[in-house]
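Please treat every number below as a calculation from the coordinates, not as lab data. None of the values given here were measured: they were computed from a predicted structure. Glycine also receives a Cβ, built like all others from the backbone with ideal geometry; neighbour counts cover every protein chain displayed.
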Amino acid sequence: MFVVAGVTGNTGSVVAETLLAAGKKVRVLVRDSAKGAPWQAKGAEVRVLASLDDEAALASALEGAEGAYLLSPPDVGAADFLAQRRATVDAIAAAIDRSNVAHVVFLSSIGGQHEGGTGPIRTVHYGEQRLAKTKAKLTFVRAAYFLENWAAVAPATKGGKLPSFIRADQAIPMVGTRDIGAVAARALLEGPPASRIDIIELAGSRDLSPRDVAAIFGSLVGTQVEVQEAPTSAVVPTFTGFGISSSVAGLFEEMYEGIANGKVAWEGTNVRAVRGTVDPASVLRAFV
């Protein structure tokens, strides 16, 4: 039996669907029973947890599982984002040891090998370091920049503009969340790695620059789309204008600076480099 968190989001839902399709028993974690009802109808066991911070409840949910997919869900309104994520990871780690689950697949990020200079990615670096102290075997899926991150600015493409804090011609690894879920599910089905920790660096089918993304959007909306570059100094006022806390907004400014200077990049050694198969246009189409 496998335990899957984040099933109301993009990656966890794919993990659970893939495992169920493979004929596996799946226990999904949700915050309320109403959100679990569709999964129960699909044959999954539903466990309601108010929060992954609840160490005892999470440990109980993990008991008897041969593997689990876990993540540290962000709260963009947090006053102290880093402290909040550390507390969640600490609870997850303690629950892993209490439950004796043998294998955990944890969603990390490109740049997760670095302690600093990567913005919110610092939280998954902490996650990797903290979970490495548990008894479980671990698979860290370091995912590239999410294609879904473009959803917030996609409406502007109908007017011929694609706002971007990434330089127009800077090609970076990007990946769709369907690929992340598929790769995480495959890692669970493969079982615990031979080594103590397995790191998967997951990119999409091809690297893309914002100009490439604009061209894809242009083909979808039927008009030429130009990249509208914005300086990283505009990140905080832009994000706080959307209701995101200044703590989180400042971290995103750091992340975009890390992308520009090459800090947010692959480690490249002692890892498995994997490319997804999802066509970027199939992801971006949903946003226009």
Exercise. Mind putting together the pair-distance distribution for region 183-268? All Cα pairs, 10 Å bins, whole percent per bin, short to long.
Key: 13, 26, 32, 22, 6, 0
Self-check item: Relative contact order (percent, whole number), region 33-178, Cα cutoff 8 Å, 6+ residue spacing
Solution: 20
Practice problem: Calculate, in nm to one decimal, what residue 228 and residue 79 gain on full extension: separation in residues at 0.36 nm each, minus their alpha carbon distance. | Solution: 50.6 nm
Quiz item: For residue 135 and residue 115, FRET efficiency with R0 = 30 Å and r from the beta-carbon atoms, rounded to 0.05?
Solution: 0.80
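Do any chymotrypsin sites (Phe, Trp or Tyr not before Pro) in region 199-288 lie in a DSSP loop with no more than 12 other beta carbon atoms within 10 Å, and if so, which?
Details: sites: 217, 239, 242, 252, 256, 266, 287; in loops: 242, 266.
Answer in residue order: 242.
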Quiz prompt | Cα-based equivalent ellipsoid, region 73-204: semi-axes from gyration tensor eigenvalues, Å | solution = 30, 18, 13
Exercise. Return the FRET efficiency for the residue pair residue 31, residue 219: r is the Cβ-Cβ distance, R0 is 35 Å, and the value is rounded to the nearest 0.05.
Key: 0.35
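Which order do the peptides 36-45, 195-204 take when ranked by the mean count of other beta-carbon atoms within 10 Å per residue, highest first?
Numbers: 36-45: 15.1, 195-204: 19.1.
Final packing ranking: 195-204, 36-45.
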Quiz item: If you take the charge dipole of region 142-288 about its Cα centre, with +1 on Lys and Arg Cβ and -1 on Asp and Glu Cβ, which of 180, 159, 270 is farthest toward its positive end?
Solution: 180
Exercise. At a Cα cut-off below 19 Å, give the aspartates and glutamates reachable from residue 161, other chains included and same-chain residues fewer than 8 away excluded.
Key: 148, 169, 212, 226, 229
Quiz prompt | aspartates and glutamates with Cα under 18 Å of residue 25, excluding same-chain neighbours fewer than 8 positions away | solution = 17, 45, 63, 66, 190
